Structures are given as structure tokens and as C-alpha cells.
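The values are calculated or read from the model by the stated rules, or taken from the named source; none is laboratory data. Computed from a predicted structure; not experimentally measured. Ideal geometry is used to build each Cβ from the backbone, glycine not excepted, and the neighbour counts take in all protein chains shown. Side chains included, ligands, DNA and RNA excluded: accessible areas come from the protein's heavy atoms. Shrake-Rupley method; radii C 1.70, N 1.55, O 1.52, S 1.80 Å.
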Amino acid sequence: MKIYKDIGKGKSYFYYYGWSILVFFVAFFFIFFFIFQAMFYVKRTERVDLFIAAFGLKDYEYSNKIQKEFKDQGLVEMNIYSYIEDDINIYNYFSANGENADYVIFSETNMNDLQDYVKYNYFPLSELQTEVSKVSEFETFEFESVAYGIKIFDKNNDNYNNKYKFKDLIEFTKEGKEKENYYLLVDNGSPNFDKEGGHTLGYSVLDYFLSDMIV
């Protein structure tokens, strides 16, 4: 008989205090989560992202190279997101990892298809040249006489391609696919190009990247 009474007491206890116990554990979980996030959260100005829509990445260690190079300047994380540009999900990938990337690599077809988007979201190269002099050493892609894209692969000119090492980093061609020109664009909404705010990591990484790609 005593056993049934104890069971009844237990049921009553959880009936009256169950929600309090649940709230306690939920609160404990969120406190732990926010502490964990604070310890490992990377600020946007401590991270640089490159989105590539081509046919593959050849050097998967290149992001580590840049990360080590700029570690002392506050770079905590360097991400290279590389996707096959004729993948049916490419726009989903771009929405997830490309819209806010510091740098984007597009084919000329994509540049033309997304003309208004490019003009609105990426720097005219004239606005970068004062900070990154190497920009002026490359051919460009223009809309209405305004250059937006730095040419990194020429579909018809191997002499141009051999002047740089972009083809050692990225696969620009695919069997059965017509060759394309490819361009590097710089996001004008990235916080890493905020000179007034003292965040200029984007310029430094761009200058290093272009210099490193010159043979």
C-alpha cells in the first residue's frame, strides 16, 4: 500500500512542478548554447569568403594559406565555396554562400545574365584601384564602360592564362562544355572593405591574392 502512495506522490510532484523543471532545463540549454557560441563565434570582420561558380577547385589547401598569411591581421577564418556552375542547385548554393561572400567568381554568361545584380552588388574596379594597384594589371569586364570584373581566365588566349596561376587553383573547363571567360568580382556590401570603420582586411587579401596569382 505504501508503494502506491509513493507513486502517487511522484505523479503529483511532476504534475505540479513539471513545467518548472522543463523551463529550468530549457534555460540551462540556452545559457550553455550562448556561452559556447560566444567562445567560438567568428565575427564577420574576422572572416573572408570566396564563392566560385566554375567546374571545381584544384587546390583545397589554398584557404589555409591565406588564413595563415593574415592571421596576425585578425583573419580567423577563410572559406572557399566552390560549386559546379551547371549544377541545378547552383542558385541555392549562391543564395546560401555567395550573396554575402567578399569575392565571387562568375563566368561571362553569368555576368550577362545577372547584369543588374552585378552592377548593384559589386564594386566598380575604379573604386578598388587606389587600394589595390594590382587590379589595373588585369583585363576586365565592363557594363556601359564601367569595369566590374577582373578577368582571371580567357577562353581564347592561353598566353593570358599562362601569365597567372588561377588555372592551377580552379577548373575553368569541362569536357563537352563550351569554354567561357571568368571574372573575379568584389562585394561592395562586405564589412571587410569599410575604410571608415577601420576594416580593410578585404583590400589586403585581394591584393595578396592577385599578387600571388601572377607568375
Under a plain spin-label model, where a point goes 7 Å from the Cα along Cα-to-Cβ, how far apart in nm are residue 127 and residue 175? 4.4
Rounded, prolate or oblate: which fits the range 79-130, taking a ≥ b ≥ c as square roots of the Cα gyration tensor eigenvalues, rounded meaning a/c under 1.5, else prolate when a/b beats b/c? prolate
Compute the Rg/Rh shape ratio of the range 102-174: radius of gyration over Kirkwood radius, all on alpha-carbon atoms. 0.95
In Å², and per residue, what accessible area does the range 105-215 have when probed at 1.4 Å with the other protein chains present? 49
Cα→Cβ-extended label distance, 7 Å offset, between residue 42 and residue 89, nm: 2.1
Let me know the charge dipole size of the range 133-215 about its Cα centre in debye, to the nearest 20, where only the beta-carbon of Lys, Arg (+1) and Asp, Glu (-1) is charged. 220
Any residue on another chain or 5+ positions along whose placed amide H is under 5 Å from the amide H of residue 170 is listed here as 58
Cross-link pairs beyond the 23 Å C-alpha cut-off, checked among 71/119; 134/174; 65/163; 163/195; 71/167; 119/163: 71/119; 134/174; 163/195; 71/167; 119/163
Provide the packing ranking of 49-60, 190-201, i.e. peptides ordered by the mean count of other C-beta atoms within 10 Å per residue, highest first. 49-60, 190-201
Between residue 200 and residue 61, take the C-beta separation as r, use R0 = 25 Å, and let me know the FRET efficiency to the nearest 0.05. 0.45
Relative to the present Cα-Cα distance, how much length would full extension add between residue 215 and residue 165 at 0.36 nm per residue of separation? 17.4 nm
Both in Å, the radius of gyration and Dmax of the C-alpha trace of the range 57-184 are 15.1, 44
Expressed in µm² per second, the diffusion coefficient of the range 125-215 from the Stokes-Einstein equation, with Rh the Kirkwood radius over alpha carbon pairs, at 20 °C and 1.002 mPa s, is 150
